Amino acid sequence: MTTPRPAELSAAEARRIALRAQGFLGTPDRKAGVRGILRHLGAVQLDTISVLARSHELVPYARLGAVGRRTVEDAYWKPAASGPAPAQPHAFEYWSHAACILPIEEWPHFAFRRRAYRGRPHWNHELPDGAYDQVIKQLRAEGPLTATELGGAKHTSEWWDWSGTKVAVERALMYGEVVCVERRGWKRVYDLAERAVPEDLLHDELDDTECLRRLVRLAGQSLGVGTRADIADYHRLKGEQVDSVIADSGLVPVTVEGWGKPAWADPAALQTPPRGRHRTTLLSPFDSLIWERARTERLFGFTHRLEAYVPKPKRVHGYFAMPVLAGGRLVGRVDPAREGRTLVARQVTLDGPKAVPAVAQALIEAAGWVDCTNVRVERVDAPGLREPLAMELTRALA
C-alpha cells in the first residue's frame with residue numbers, strides 16, 4: 001500500500017489557513033459571539049496585566065470588534081438556562097497553555113492532567129494538616145467562595161506567600177475536586193466540581209491516550225496547520241505525547257514552504273481555500289495567534305516578546321507592546337496606556353509608511369471600545385512617520 005504524499009503548502013497559504021483557523025480571516029460568527037470564539041479557539045489565556053483591558057477580554061475583541069466588556073465576562077462565566085433544564089456553565093478555568101478559560105465540554109479531556117497532578121511527588125508549598133478537608137467542607141456548606149472568603153489567600157502581601165487555605169484550594173483545583181467558576185475582581189471563585197460541572201461531564205473515565213488524541217486534534221483545528229512543537233505548545237503537551245497520538249488524531253501531514261520541519265493540518269482547513277476579509281486590530285501579547293514565538297516568526301517574519309517583566313531600561317518596544325494585525329500581516333506594535341478618556345500610544349513601531357493607516361485604524365477602534373474619545377501618540381520609532389500617523393488619526397477622529 002502506497003503512503004499518500006503530504007500536501008504541499010506555500011508559506012502564504014499556511015499563513016492564511018492559520019489566520020482563518022484563529023478567526024481573523026473571513027466573516028466572524030457574530031451569532032455565536034464570545035462563546036463561539038472560546039469554542040473555536042479551544043482555550044483563552046488569562047493574565048493579571050490590564051492595560052486597555054485584560055487579555056481574556058482582548059481576545060474576543062480582536063476577532064469580533066467592540067463587543068461589550070460586561071458581555072464578555074457574562075459569556076464566559078454566566079450559566080444560561082435552556083427551557084426547564086437547570087442553567088449550565090459554558091466554561092471552566094484550568095491549566096492548559098497557561099491558566100486558561102476552557103469550554104466546559106472539554107472537562108473530561110483534562111483527566112490526564114488531573115491524574116498527573118495527583119501523582120506529583122512534591123509541591124512548592126507545604127499543605128498544613130487538615131487544611132484540604134476544611135476547604136472542601138466549607139465549600140460544601142457555604143457554596144462558591146474566594147480564597148479570602150475561605151480564610152485568607154496570603155500570609156503577607158508577597159504574591160508567593162500563600163496561606164494554608166490557598167495552598168489547599170489550589171491543590172483541590174489541580175486535582176479536579178474544585179473548579180474556578182468565575183473571576184471576581186480578578187480573584188478566583190471556587191466551587192465543588194460536583195456542583196459546577198454537569199453530571200454527564202464530571203468523570204475521569206477517559207484514559208491518557210484518548211485525552212491526548214482529543215487535545216492534539218483540537219490544537220490542530222485551532223491552529224489550522226502547525227509543526228509538532230506548535231501543536232504541543234497549544235495545550236502545553238510534551239513532544240512525545242503528541243508523537244504517541246498524532247497518527248490517530250485525524251490531522252494530516254503537510255509540508256510548508258520554508259518551515260524546514262514536518263507539519264500537520266486540519267483536513268477541513270485544506271478543503272476550501274481561505275478567503276474573506278482580513279481583520280485589522282491590536283493583539284494581546286497573550287493571543288493564541290502569537291503564543292509561540294518561533295511560530296510567529298515562521299508565519300509572519302515578526303519577532304515578538306512580551307517586555308512587561310523586562311527591566312524598563314532594557315525594553316525595546318514597551319511594557320505591553322501589542323502587535324498590530326492588518327491585511328493578514330503583523331505591521332507594527334503599539335504600547336498603549338489610558339489617561340482618563342485618552343488612549344495613549346506610549347510607543348509605536350511601524351513596518352514602513354504603508355502601515356500608518358492600519359495602525360491608526362486599530363488605535364481608533366480600540367479607543368472607542370474602552371470608551372476613550374481621544375488618541376495621543378507619544379513616540380514613534382521612525383520619526384519620519386510620526387506626522388503621517390498624527391494626520392491619519394486626526395482625519396479619522398474628525
Backbone N under 15 Å from the ARG315 label point (7 Å along Cα→Cβ), restricted to the range 332-370: 333-339, 344-349
Inter-label distance for ALA11 and ARG338, nm, one decimal - labels placed 7 Å from Cα along Cα-to-Cβ: 3.8 nm
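Report, in deg cm²/dmol and to the nearest 500, the calculated mean residue ellipticity at 222 nm for the chain, where each DSSP H run with n ≥ 4 adds -39500 (n - 2.57) and the sum is divided by the residue count.
Working: 16 runs with 148 residues, N = 398.
Mean residue ellipticity, 222 nm, calculated: -10500 deg cm²/dmol.
About its Cα centre, what dipole magnitude does the range 196-282 give when the only charges are +1 on Lys and Arg Cβ and -1 on Asp and Glu Cβ, stated in debye to the nearest 20? Kindly include the intermediate steps, with their values, before the conclusion.
Values: 10 positive and 14 negative charges, 156 e Å.
Charge dipole of the range 196-282: 760 debye, to the nearest 20.
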Estimated distance in nm for a label pair at LYS261 and ARG35, the labels positioned 7 Å out from Cα along Cα-to-Cβ: 3.7 nm
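Per residue, how much accessible surface does the range 239-279 expose to a 1.4 Å probe? Answer in Å², no decimals.
Values: 2430 Å² over 41 residues.
Roughly 59 Å² per residue, with all protein chains present.
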Candidates TYR117, TYR94, TYR76, ranked by Gaussian network fluctuation over the chain, Cα under 10 Å, top entry: TYR117
The range 278-370, dipole about Cα centre (Lys/Arg Cβ +1, Asp/Glu Cβ -1), debye to the nearest 20: 160 debye
J(HN,Hα) series, the range 99-114, from Karplus relation 6.51 cos²θ - 1.76 cosθ + 1.60, nearest Hz, glycine and proline x: 5, 9, 7, 10, x, 4, 5, 8, 3, x, 7, 9, 4, 4, 6, 4
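So how much slack lies between GLU240 and ASP133, counting 0.36 nm per residue of separation and subtracting their Cα-Cα distance, in nm? Walk me through the intermediate numbers first.
Numbers: separation 107, 0.36 × 107 = 38.52 nm, distance 3.60 nm.
Gain on stretching GLU240 to ASP133: 34.9 nm.
Work out, step by step, the length gained on full extension between ASP200 and ARG120: first 0.36 nm times the residue separation, then minus their alpha carbon distance; give nm to one decimal.
Stretched out fully, the ASP200 to ARG120 stretch lengthens by 26.1 nm.
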Global geometry of the chain, whether rounded, prolate or oblate, following the gyration tensor of its Cα atoms and the 1.5 cut on a/c: oblate
Accessible surface of the range 313-388, 1.4 Å probe, proportion on carbon and sulfur as whole %: 49 percent
Carbon plus sulfur fraction of accessible area for the range 159-282, probe 1.4 Å, in percent: 49 percent
R0 of 56 Å, Cβ-Cβ distance ARG376-ALA268: FRET efficiency to nearest 0.05: 0.80
Top of VAL216, VAL51, VAL178 by mean-square fluctuation, Gaussian network on the chain, Cα under 10 Å: VAL51
Residue (of VAL189, LEU201, THR296) at the positive-pole extreme of the chain, dipole from beta-carbon charges: THR296
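Using a 1.4 angstrom probe, figure out how much accessible area the range 46-144 has per residue, in square angstrom, rounded to the nearest whole. Intermediate results must be reported in sequence, preceding the final value.
Numbers: 4440 Å² over 99 residues.
Computed with neighbouring chains in place, this is 45 Å² per residue.
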Mean-position separation - Cα centroids, the range 11-45 and the range 340-398, in angstrom: 26 Å
Distant-in-sequence amide H partners of VAL377 (H built 1.01 Å from N, under 5 Å): ALA345
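The values are calculated or read from the model by the stated rules, or taken from the named source; none is laboratory data. Note that the structure is predicted; figures quoted are calculated from it, not measured. Reconstructed Cβ throughout: ideal geometry from the backbone, glycine too, with neighbour counts over all protein chains shown. Ligands, DNA and RNA are excluded from the accessible area calculation, which covers all protein heavy atoms including side chains. Shrake-Rupley method; radii C 1.70, N 1.55, O 1.52, S 1.80 Å.
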